[in-house]
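S.K.: Handing you this structure, nothing more for now.
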2 protein chains.
Amino acid sequence: MKPWDIIERKELVNASPFLKLYRETVRLENGEQINDYYTIDQQDYIAVFAMISPQEILGIRHYKHGAKKINLGLPSGYIEGCESPLSAAKRELLEETGYIANDWRPLGTFVVDGNRGCGNVHVFFARDLVKKQEPASGDLETMSLERINLVQLPELLETGVVATLGAAIGISLGLLKIKSSLEEG
Amino acid sequence: MKPWDIIERKELVNASPFLKLYRETVRLENGEQINDYYTIDQQDYIAVFAMISPQEILGIRHYKHGAKKINLGLPSGYIEGCESPLSAAKRELLEETGYIANDWRPLGTFVVDGNRGCGNVHVFFARDLVKKQEPASGDLETMSLERINLVQLPELLETGVVATLGAAIGISLGLLKIKSSLEEG
């Protein structure tokens, strides 16, 4: 089992800084050549499972144009310039919620699309929150900040109230982290 | 809080059936107009958390070109034609693993990219598996089928062995489902 060879990579669209679309000619592990394998470069982003109390996280309600609906999301956003994922997570949490957190843990990094690429999402768990300022995200979306009780989260995931995959992985991994901490005592 | 208006939608690339790239002119909730908002249409896909025993799921090890690495994934694949998500999940499980399952539960549906779109992932939980045939996926990737113990999964998520977001959400939601069943008795 080994990586495919990229024989040619043609840039079809350069819409920097948002995305670049490529058509690749690739050679598979079995030697077969594919002449139209599409890949997409996008900015990495972060999502933060931020515990505002032992029973609640900070949720963000906003219209998401990719989902074409009002979504219950997490503090999240694109990594800018040379920021580390953790620095971006701290910046986005402060901008979108007005809080800083004194305890940060990484929960995982995943490529958004296993076939096309589309950048990575970096998921963080944040605790020990302190209010520093009023929220001022600067994002395109109008958003409202909410406290969401942990016991509500499984149903919000299952019923599509949490509509985006970035929010869903942040909430799922955050809940698993809490449950494993409880099991360990 | 309300959806944005799409004033114009220009198709930049039509790479059917894989993807279509659009540049949209949108009007935001505050009235501001954005002339270069990019959206992507892709096929929906499914991922299956399939319990082969009370302690193990079926994992698939394969090179994923989006991640540029060998990935530990789940049975998964694109929905074809007019298939329902559940029908696609049953077909992919059989093709990739040789098993059918007698107990299926939906775990959630999420848009892959909250900004760009990129299709939806539909996640399923499958139990009561019966071997029917040898695996024969027909996919581009060379793959190996493995039994993975549930207790290994959190570390495999955290360390990047599970490298793709589709596999990560399937495993996370599957583990949460098991834990909530155990809590309910």
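The values are calculated or read from the model by the stated rules, or taken from the named source; none is laboratory data. Keep in mind that this is a model prediction, so the values were computed, not measured. For neighbour counting, all protein chains shown are included, and Cβ atoms are generated from backbone atoms with ideal geometry for every residue, glycine included.
S.K.: Select from the range A:22-73 the residues that are of a type in the set (V, I, T) and facing chain B (nearest Cβ under 9 Å) and list them in ascending order.
M.R.: A:V26, A:I34, A:T39, A:I40, A:I70
S.K.: Within the bounds of the range B:78-85, is there any residue that is outside any helix (DSSP H, G or I) and of a type in the set (A, V, I, L, M, F, W, C)?
M.R.: Among the residues of the range B:78-85, at least one is outside any helix (DSSP H, G or I) and of a type in the set (A, V, I, L, M, F, W, C), which makes the answer yes.
S.K.: Checking the condition within 18 Å of the chain's Cα centre (by Cα), assigned to a strand (DSSP E or B), among the aliphatic types (A, V, I, L, M) and more than 25 Å from A:I40 (Cβ to Cβ), which residue from B:I57, B:I52, B:I46 passes?
M.R.: B:I57
S.K.: Oh, and also: For the range B:44-81, which positions are among the hydrophobic types (A, V, I, L, M, F, W, C), touching a Phe, Trp or Tyr at 6+ places or on another chain (Cβ under 8 Å) and within 26 Å of A:Y22 (Cα to Cα)?
M.R.: B:I46, B:A47, B:I70, B:I79
S.K.: Answer yes if at least one residue in the range A:74-86 is surrounded by fewer than 22 Cβ atoms within 10 Å (Cβ to Cβ) and either basic (K, R) or not assigned by TED's automatic domain parsing to the domain that holds A:F124 (or both), and no otherwise.
M.R.: no
S.K.: Shifting gears a bit: Can you pull out every residue in the range B:105-138 that is within 25 Å of A:P154 (Cβ to Cβ), without any contact (Cβ under 8 Å) to a residue 40 or more places away in the chain and in contact with a helix residue (DSSP H, G or I) (Cβ under 9 Å, 6 or more places away or on another chain)?
M.R.: Matches in the range B:105-138: B:P106, B:T109, B:V111, B:G114.
S.K.: Could you list all residues from the range A:142-159 that are without any contact (Cβ under 8 Å) to a residue 24 or more places away in the chain and either among the small types (G, A, S) or not in a helix (DSSP H, G or I) (or both)?
M.R.: A:T159
S.K.: Is there a residue in the range A:97-117 that is assigned to a helix (DSSP H, G or I), buried (at least 19 other Cβ atoms within 10 Å of the Cβ), aliphatic (A, V, I, L, M) and away from chain B (no Cβ under 11 Å)?
M.R.: No: the range A:97-117 contains no residue that is assigned to a helix (DSSP H, G or I), buried (at least 19 other Cβ atoms within 10 Å of the Cβ), aliphatic (A, V, I, L, M) and away from chain B (no Cβ under 11 Å).
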